[in-house]
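See below for the structure under consideration.
The values are calculated or read from the model by the stated rules, or taken from the named source; none is laboratory data. The shown structure was predicted, so the numbers you read here are calculated from the model rather than taken from an experiment. Glycine gets a Cβ as well: all are built from the backbone with ideal geometry, and neighbour counts include every protein chain shown.
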Amino acid sequence: MLLVVEAIEVSHLSKTYANGVKANHDISFVIHEGESVGLLGPNGSGKTTLLRQIYGELLSDGGKVTVWGHEVPADMNSIKNVIGVMPQDAIPRTDLPVFLQIYYSLLLRGFDKKEAKATCDKTITSLGIQEYSKAYVLDLSGGTQRKVFLAMCLAHSPKILLLDEPTVGLDIVFRNKIWQTLKTSIVESKKTLLLTSHYPQDIETLCERVICMENGKIRYDGTIPDLLSTTRTDTLERAYLQLMGDSGQ
Amino acid sequence: MNVRKELRDIETVAVMNLQWVRRLPLLFFGYALILPSVFAFMFIVISKGTNLNYVLLGTIIFSVVQPTFLGMAKNLMSDKFTGMLTYYKLLPISPLSLSLGVSLSSLAISAPALVLYTAFAIYVGAIGPVTVLGIIIVIVATVLTWIFFSGLGYLFAMSSSRVKQAQMSVDIIWAVLIFFSPAYYSTDVLPQGLRYVFYLNPVTYYSDLFRDCLTSSGSLLFILIDLAVIGALSVAMMLPMFRGWKWVDK
């Protein structure tokens, strides 16, 4: 009998911070293996909180999260090599060259030195950052630093990628580069992707399904074509604005 | 717990944390040798060279305490505020391995000063005659002190939420720990009441034990009491690292 495991299953998840701020309430959804899902919402809508609950850095008040069939955070050790996480605004260590950043992260994931070196070379080549291989992160632009972080998330070939605003603060050229990298590395290799973004364009480019959040609740969960058809709009941005009660006119 | 894996992880984190030395050897030289030497010079001048054994042993104590606490707290805080700590939390390594690896790298930076000043202290007669038991106790106490200050650095880094305040507070705490203790000078120069206040500072116990063992000046009972206090404090400080305190936010 084939056992089907959902990549991510979130059930009735809630979180209220100690200061009384309700970050999210009764959130439920399932993400299947190979699916690319975007979490879209304004600042403070609870996207980052939700992502942190999914990757186990933040305890939930109620509800349940399972990643690849393992409960979070109780069974975190079983999913650490299954997921690749890019936290919001994260930058790699500035005191290490790009190659060593990735190399040491692989050693800490249990790769032996030879295997880590080969995997590191492969990742750097596939992300097109060979010219920066020996450069220190400190000397790189913000966009390239994000790309290096992405390389650290992808190097161990995780089945699931959880990316929190990977393109925030980047100009359109770098955003395009990140999109290309993600398209090649994730979408085409059938990895599961959960991406948060302020930018509807990020999600439209990379995801087939969108979850719109507002004030800690889900306003819409479905495919992007369905949302466009429901709202009778031609772009996700327009559809999103209409959904949130602002036509943008 | 897989001890072999834990040791490998500690080594990897320590080596990774020392990579900056290859890029900035002069800064390493300054941090490892010039900084402790500046304090040694300052206290030699203040004491007009009459208290050389205190100053040299103080420099050795400084070489253990300062990089362990400061290195641990600042490294973890830097990783916390750049998002790298989240990345490390999601690697299959334990909080203890990460913490001890960071701490070990800081201690390695202090090794040149530790070796140099120990050799100099022996040369000028500030150390000795020393018994085998005394050396063993000093080594055990040094390891325990290293664990204690690693734990303190961990607690401080994990509980801080604002980068600027946290970094400045670490500098203040470090200065209080080192200079409000008998590391560099004898508490005999202080008023009686203030001497008792010094016993709230863990560095006082380490300084007393270190000096009593290496100059054969104290009774075994007092040395064992100091060792027991250092041991208890180290166990207490190791628990948060072992259990990954604040590893998951509430």
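Filter the stretch A:17-48 down to residues that are surrounded by 15 or more Cβ atoms within 10 Å (Cβ to Cβ) and of a type in the set (Ser, Thr, Tyr), then give me how many there are. Residues flagged as surrounded by 15 or more Cβ atoms within 10 Å (Cβ to Cβ) and of a type in the set (Ser, Thr, Tyr) within the stretch A:17-48 amount to 3. Selection within the stretch B:183-216: residues that are without any contact (Cβ under 8 Å) to a residue 60 or more places away in the chain and not in a helix (DSSP H, G or I). The member of this set that is farthest from the chain's Cα centre (by Cα) is B:191.
Taken together, A:148, A:85 contain a single residue that is of a type outside the set (S, T, N, Q), part of a strand (DSSP E or B) and within 22 Å of residue B:84 (Cβ to Cβ), which is A:85. Quick check on the stretch B:53-66. Is at least one of its residues surrounded by fewer than 20 Cβ atoms within 10 Å (Cβ to Cβ) and either under 30 Å from residue A:57 (Cβ atoms) or out of contact with any strand residue (DSSP E or B) (no Cβ under 6 Å at 6 or more places or on another chain) (or both)? Yes, some residue in the stretch B:53-66 is surrounded by fewer than 20 Cβ atoms within 10 Å (Cβ to Cβ) and either under 30 Å from residue A:57 (Cβ atoms) or out of contact with any strand residue (DSSP E or B) (no Cβ under 6 Å at 6 or more places or on another chain) (or both).
Looking only at the stretch A:151-204, filter to residues that are among the polar types (S, T, N, Q) and part of a loop (DSSP other than H, G, I, E, B); which one of those is surrounded by the fewest Cβ atoms within 10 Å (Cβ to Cβ)?
Here the residue is A:189.
Here are some residues: A:56, A:34. Which one is within 16 Å of the chain's Cα centre (by Cα) and either free of Cβ contacts under 8 Å to residues at least 40 places away in the same chain or within 12 Å of chain B (Cβ to nearest Cβ) (or both)? A:56 is the lone residue from the list that is within 16 Å of the chain's Cα centre (by Cα) and either free of Cβ contacts under 8 Å to residues at least 40 places away in the same chain or within 12 Å of chain B (Cβ to nearest Cβ) (or both). When the test is whether a residue is modelled with pLDDT under 90, surrounded by fewer than 23 Cβ atoms within 10 Å (Cβ to Cβ) and within 12 Å of chain B (Cβ to nearest Cβ), residue A:139 does not pass it.
Being within 12 Å of chain A (Cβ to nearest Cβ) and either of a type in the set (Ser, Thr, Tyr) or closer than 22 Å to residue A:113 by Cβ (or both) is a property that residue B:13 has.
Restricting attention to the stretch B:217-231, which residues are more than 16 Å from the chain's Cα centre (by Cα), part of a helix (DSSP H, G or I) and either polar (S, T, N, Q) or over 20 Å from residue B:178 (Cβ atoms) (or both)? Of everything in the stretch B:217-231, those that are more than 16 Å from the chain's Cα centre (by Cα), part of a helix (DSSP H, G or I) and either polar (S, T, N, Q) or over 20 Å from residue B:178 (Cβ atoms) (or both) turn out to be B:220, B:221, B:222, B:223, B:224, B:225, B:228.
Just one of (1) over 23 Å from residue B:18 (Cα atoms); (2) facing chain B (nearest Cβ under 9 Å) fails for residue A:82. It is (2). Just a yes or no: is a residue in the stretch B:83-106 more than 30 Å from residue B:249 (Cα to Cα) and without any contact (Cβ under 8 Å) to a residue 24 or more places away in the chain? No, there is no match, as no residue in the stretch B:83-106 is more than 30 Å from residue B:249 (Cα to Cα) and without any contact (Cβ under 8 Å) to a residue 24 or more places away in the chain.
Within the stretch B:31-44, is there a residue that is surrounded by fewer than 16 Cβ atoms within 10 Å (Cβ to Cβ), at pLDDT 85 or above and within 14 Å of chain A (Cβ to nearest Cβ)? Looking for residues that are surrounded by fewer than 16 Cβ atoms within 10 Å (Cβ to Cβ), at pLDDT 85 or above and within 14 Å of chain A (Cβ to nearest Cβ), one finds none in the stretch B:31-44, hence no. Taking the stated definitions as given, is residue A:202 modelled with pLDDT under 90, within 22 Å of the chain's Cα centre (by Cα) and over 25 Å from residue A:16 (Cα atoms)? It is true that residue A:202 is modelled with pLDDT under 90, within 22 Å of the chain's Cα centre (by Cα) and over 25 Å from residue A:16 (Cα atoms).
So which of A:78, A:36 is small (Gly, Ala, Ser), touching a His at 6+ places or on another chain (Cβ under 6 Å) and closer than 24 Å to residue A:154 by Cα?
A:78
Among the conditions (1) away from chain B (no Cβ under 12 Å); (2) under 20 Å from the mean Cα position of the chain (by Cα); (3) not in a helix (DSSP H, G or I), residue A:63 misses just one, which is (2). Of all the residues in the stretch B:167-177, those that are crowded, with 18+ Cβ neighbours inside 10 Å and at pLDDT 90 or above number 1.
The requirement of being facing another protein chain (nearest Cβ under 10 Å) and among the aliphatic types (A, V, I, L, M) is not satisfied by residue A:124.
One residue is enough: does the stretch B:147-166 have a residue meeting the conditions of a type outside the set (D, E, K, R), free of Cβ contacts under 8 Å to residues at least 60 places away in the same chain, surrounded by fewer than 20 Cβ atoms within 10 Å (Cβ to Cβ) and away from chain A (no Cβ under 14 Å)? The answer is yes; a qualifying residue exists. How many residues does the stretch B:74-95 contain that are touching a Gly at 6+ places or on another chain (Cβ under 9 Å) and at the interface with another protein chain (Cβ under 7 Å from one of its Cβ atoms)? Number of matching residues: 4. Looking only at residues in the stretch A:162-203 that are in contact with a strand residue (DSSP E or B) (Cβ under 8 Å, 6 or more places away or on another chain) and among the acidic types (Asp, Glu), the one that is nearest to residue A:86 (Cα to Cα) is A:164. Could you tell me whether residue A:97 is within 18 Å of residue A:185 (Cβ to Cβ), within 11 Å of chain B (Cβ to nearest Cβ) and either β-branched (Val, Ile, Thr) or buried (at least 18 other Cβ atoms within 10 Å of the Cβ) (or both)? Here the answer is no, as residue A:97 does not meet what is asked.
Scan the stretch A:64-81 and tell me whether some residue there is touching a residue at least 40 places away in the same chain (Cβ under 8 Å) and under 21 Å from residue A:146 (Cα atoms). Within the stretch A:64-81, one or more residues are touching a residue at least 40 places away in the same chain (Cβ under 8 Å) and under 21 Å from residue A:146 (Cα atoms). Residue A:175 - would you say it is over 16 Å from the mean Cα position of the chain (by Cα) and of a type outside the set (A, V, I, L, M)? No: the conditions fail for residue A:175.
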